[in-house]
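Visitor: Before I ask anything, here is the structure I am working with.
The values are calculated or read from the model by the stated rules, or taken from the named source; none is laboratory data. Note that the coordinates shown come from a computational prediction; the quantities given were computed from them, not determined experimentally. Positions of Cβ are generated from backbone atoms using ideal geometry, with glycine treated the same way; all protein chains shown enter the neighbour counts.
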C-alpha cells in the first residue's frame, strides 16, 4: 500500500492502542509491569506492516520498541507502570504519536 498524496500521508494511520497492563509478578522481586499491544491500520482499515514503534516515558530507560508484523500488530512486553509516549514511523509515512 503506497500513499498517493500528502493527505494520504497525514491520514494513513488510525492507531488503535490497547493498554493492557495485567500484572507480571516475579517471585523474587515482586515488580509489576505491563504490556502494550497495538494495531496499526490505514484509513480504510487495512493493516500496515513494518511500522517502527518507539515507546518512551519517565519510568522507561531509553527507548523500548519494535515493528508491526504482517497483521499490523506489535506487542511491547514488561513496561514499567506510568505515563508513556508512543511514536510510530515508517519511511513512506509522516510520523504519528500519542500519549
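Visitor: Restricting attention to the stretch 78-94, which residues are on the phi < 0 side of the Ramachandran plot, surrounded by fewer than 18 Cβ atoms within 10 Å (Cβ to Cβ) and modelled with pLDDT of 90 or more?
Guide: The answer is 80, 81, 83, 85, 87, 89.
Visitor: Could you list, in sequence order, the residues of the stretch 31-77 that are on the phi > 0 side of the Ramachandran plot and surrounded by fewer than 13 Cβ atoms within 10 Å (Cβ to Cβ)?
Guide: Matches in the stretch 31-77: 45, 62.
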